[in-house]
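K.L.:
The structure's right below; bear with me while I get my questions together.
The values are calculated or read from the model by the stated rules, or taken from the named source; none is laboratory data. Here the structure is a predicted model, which means the values were calculated and not measured. Every residue, glycine as well, gets a Cβ built from its backbone with ideal geometry; the counts of neighbours run over all protein chains shown. Heavy atoms of the whole protein, side chains included, go into the accessibility calculation; ligands, DNA and RNA do not. Shrake-Rupley method; radii C 1.70, N 1.55, O 1.52, S 1.80 Å.
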Amino acid sequence: MTTSTRGAARTPAVLVLEDGRVFRGRAYGAVGETFGEAVFSTGMTGYQETLTDPSYHRQVVVMTAPHVGNTGINDEDMESRKIWVSGYVVRDPARVPSNWRSRRTLDEELDAQGVVGISGIDTRALTRHLRERGAMRVGIFSGDAVRDDAALLARVQEAPQMKGANLSAEVATTEPYVVPAIGEKKFTVAAVDLGIKGMTPHRMAERGIEVHVLPATATVEDVYAVNPDGVFFSNGPGDPATADHPVSVMQGVLERGTPLFGICFGNQILGRALGFGTFKLKYGHRGINQPVQDRTTGKVEVTAHNHGFAVDAPLDRVSETPFGRAEVSHVCLNDNVVEGLQLLDRPAFSVQYHPEAAAGPHDAAYLFDRFVSLMEGQRA
């Protein structure tokens with residue numbers, strides 16, 4: 001429930017975690033109440049891309065950077081049709097945006113889209129709490145939604161958990177659409193939308209790929225109806241343990257031996273398709289400064305992340321799967337979480353992070369070239 005008001009900055013707001021921790025601040029964006037999973041993002045820039053990333057559906061994002069909103073909101077950097085975060089938490093919102101592309105303030109955009117936020121709280125203390133206790137359910141309350149702390153805590157504890165949530169169909173397109181190749185068309189790719197960001201098909205289009213974006217409910221027959229040279233599975237929200245349909249579709253693609261590339265949720269889908277398990281991380285990886293090593297080259301990349309689940313695959317050996325041998329190709333240097341998989345006997349690979357990387361960094365852009373190389377090899 002939200003109500004729009006331009007006096008939000010003076011309205012008291014309360015953030016309540018499911019373990020009873022309470023933070024008090026001021027309303028930011030819309031006034032009302034909202035619920036979700038509390039997570040933190042370590043990016044110092046790119047907040048517009050974060051807000052419009054469908055992978056953040058049903059999450060309340062805490063920004064670790066203290067000053068947010070400096071560059072306002074423009075009409076070019078949206079990663080999807082709307083803001084997907086359930087709530088937004090900042091310490092010191094910018095009073096006046098300063099950027100030549102800015103069209104309105106971040107506060108105005110949050111208000112216009114009904115996103116309830118809170119400002120003026122100690123986000124460092126909140127982040128430390130989430131690192132120690134783990135991501136958890138949270139509520140933000142402002143205006144008429146504010147009650148006594150015990151009543152608000154009860155509301156938070158009634159909210160659904162992220163574990164077991166099947167969310168990809170809620171954010172994916174309902175109708176297929178085509179992103180044309182830029183310049184000469186070289187390949188056709190069927191992209192299964194599990195929460196795709198706009199920059200992802202653009203990165204493929206830059207490489208001469210015509211991208212057919214399909215709904216999350218697409219079948220194997222739908223995928224091959226576009227005569228693809230390759231198949232792509234996108235990022236998206238929710239628990240991969242619930243994604244039985246995309247797993248089944250991916251297994252159909254693997255059986256046919258079509259070049260396959262997956263990112264983020266797509267990496268978890270590949271893990272499940274190969275027979276590996278998945279698990280929920282304590283507080284996840286979110287931000288644009290995560291170090292990952294490509295084990296095939298030894299190169300270390302600074303990468304963009306947004307995931308709360310990971311694949312449970314062995315790091316120390318090649319695994320036998322129903323589709324041939326598979327190995328972990330990328331690993332996070334902070335905690336040794338699996339950040340990529342590749343098949344050794346079929347043209348398929350995936351990464352857990354975001355190589356399209358709007359708003360950066362671009363260390364991992366080569367992965368789209370690797371996908372092109374797989375399709376070139378298959379055609380040859």
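K.L.:
Do any helices (runs of 4 or more DSSP H) entirely within the range 192-262 hold 1 or more residues that are modelled with pLDDT under 95 and either under 16 Å from Ser55 (Cβ atoms) or acidic (Asp, Glu) (or both), and if so, which? Spell out the reasoning first.
P.N.:
Values: elements: 199-205, 220-224, 244-256.
The qualifying helices (runs of 4 or more DSSP H) are 199-205.
K.L.:
Next up: Taking interchain pairs and intrachain pairs at least six residues apart, which have beta carbon atoms under 8 angstrom, with the first residue in the range 207-227 and more than 14 Å from Thr173 (Cα to Cα) and surrounded by fewer than 15 Cβ atoms within 10 Å (Cβ to Cβ) and the second at pLDDT 95 or above and polar (S, T, N, Q)?
P.N.:
That search, which allows pairs on different chains as well, returns Asn227/Thr188.
K.L.:
Among Thr278, Thr296, which is of a type in the set (Ser, Thr, Tyr) and either in contact with an Asp or Glu (Cβ under 8 Å, 6 or more places away or on another chain) or crowded, with 22+ Cβ neighbours inside 10 Å (or both)? I'd like the intermediate steps shown before the answer.
P.N.:
Numbers: Thr296 fails: either in contact with an Asp or Glu (Cβ under 8 Å, 6 or more places away or on another chain) or crowded, with 22+ Cβ neighbours inside 10 Å (or both).
Just a single option satisfies the conditions, and that option is Thr278.
K.L.:
Return a yes/no flag: does the range 279-289 have any residue that is of a type in the set (S, T, N, Q) and farther than 27 Å from Leu167 by Cβ. It would help to see each step written out before you state the result.
P.N.:
Within the range 279-289, the subset of a type in the set (S, T, N, Q) is 289.
Then keep just the ones that are farther than 27 Å from Leu167 by Cβ; that gives none.
Among the residues of the range 279-289, not one is of a type in the set (S, T, N, Q) and farther than 27 Å from Leu167 by Cβ, which makes the answer no.
K.L.:
Among all residue pairs at least 6 apart or on different chains, which show Cβ distances below 6 Å where the first residue, located in the range 156-181, is among the charged types (D, E, K, R) and the second is surrounded by 16 or more Cβ atoms within 10 Å (Cβ to Cβ) and part of a loop (DSSP other than H, G, I, E, B)?
P.N.:
Lys163/Asp239
K.L.:
In this structure, does Ile269 turn out to be buried (at least 17 other Cβ atoms within 10 Å of the Cβ), more than 26 Å from Thr321 (Cα to Cα) and out of contact with any Asp or Glu (no Cβ under 8 Å at 6 or more places or on another chain)? Full working, then the answer.
P.N.:
Numbers: buried (at least 17 other Cβ atoms within 10 Å of the Cβ): yes; more than 26 Å from Thr321 (Cα to Cα): no; out of contact with any Asp or Glu (no Cβ under 8 Å at 6 or more places or on another chain): yes.
It is false that Ile269 is buried (at least 17 other Cβ atoms within 10 Å of the Cβ), more than 26 Å from Thr321 (Cα to Cα) and out of contact with any Asp or Glu (no Cβ under 8 Å at 6 or more places or on another chain).
K.L.:
Open to solvent by less than 10 Å² (accessible area, probe 1.4 Å), within 25 Å of Gly238 (Cα to Cα), part of a loop (DSSP other than H, G, I, E, B) and not small (Gly, Ala, Ser) - does that describe any residue in the range 61-69?
P.N.:
Looking through the range 61-69, none of the residues is open to solvent by less than 10 Å² (accessible area, probe 1.4 Å), within 25 Å of Gly238 (Cα to Cα), part of a loop (DSSP other than H, G, I, E, B) and not small (Gly, Ala, Ser).
K.L.:
Hey, could you check the range 41-50 for residues that are on the phi < 0 side of the Ramachandran plot and either modelled with pLDDT of 95 or more or part of a loop (DSSP other than H, G, I, E, B) (or both) and say which is surrounded by the most Cβ atoms within 10 Å (Cβ to Cβ)? Reasoning before the result, please.
P.N.:
Going through the range 41-50, the residues on the phi < 0 side of the Ramachandran plot turn out to be 41-45, 47-50.
Subsequent filtering for residues that are either modelled with pLDDT of 95 or more or part of a loop (DSSP other than H, G, I, E, B) (or both) retains 42-45.
Details: Thr42: 15, Gly43: 23, Met44: 15, Thr45: 14.
Ranking the qualifying residues of the range 41-50, first place goes to Gly43.
K.L.:
Something else now. (1) at pLDDT 95 or above; (2) under 28 Å from Val146 (Cα atoms); (3) open to solvent by 20 Å² or more (accessible area, probe 1.4 Å): which one isn't true of Val115, the others all being true?
P.N.:
Going through (1) at pLDDT 95 or above; (2) under 28 Å from Val146 (Cα atoms); (3) open to solvent by 20 Å² or more (accessible area, probe 1.4 Å) one by one, Val115 breaks only (3).
K.L.:
Further question on the same structure: Taking Arg124 as meeting all but one of (1) in contact (Cβ under 8 Å) with a residue 40 or more places away in the chain; (2) farther than 19 Å from Arg26 by Cβ; (3) basic (Lys, Arg); (4) open to solvent by 70 Å² or more (accessible area, probe 1.4 Å), write down the number of the exception.
P.N.:
So the condition that Arg124 fails would be (2).
K.L.:
Write out, first by first residue and then by second, each pair whose Cβ atoms fall under 7 Å of each other, whose residues are 6+ apart or on separate chains, and whose first residue, in the range 334-354, is within 15 Å of Thr278 (Cα to Cα) and without any contact (Cβ under 8 Å) to a residue 24 or more places away in the chain while the second is open to solvent by 10 Å² or more (accessible area, probe 1.4 Å) and hydrophobic (A, V, I, L, M, F, W, C).
P.N.:
Asn336/Leu315
K.L.:
Also, quick follow-up: Looking only at the range 253-266, which residues are open to solvent by less than 10 Å² (accessible area, probe 1.4 Å) and over 17 Å from His57 (Cβ atoms)? Lay out the reasoning, then the answer.
P.N.:
So in the range 253-266, the residues open to solvent by less than 10 Å² (accessible area, probe 1.4 Å) come out as 253-254, 259-266.
Of everything in the range 253-266, those that are open to solvent by less than 10 Å² (accessible area, probe 1.4 Å) and over 17 Å from His57 (Cβ atoms) turn out to be Val253, Leu254, Pro259, Leu260, Phe261, Gly262.
K.L.:
Which condition number does Arg101 fail, the rest of (1) under 29 Å from Ala172 (Cβ atoms); (2) surrounded by 14 or more Cβ atoms within 10 Å (Cβ to Cβ) being met?
P.N.:
For Arg101, the failing item is (2).
K.L.:
A further question follows. Output the number of the condition that Leu341 fails; it satisfies all remaining conditions of (1) farther than 29 Å from Val62 by Cα; (2) open to solvent by 20 Å² or more (accessible area, probe 1.4 Å).
P.N.:
Going through (1) farther than 29 Å from Val62 by Cα; (2) open to solvent by 20 Å² or more (accessible area, probe 1.4 Å) one by one, Leu341 breaks only (2).
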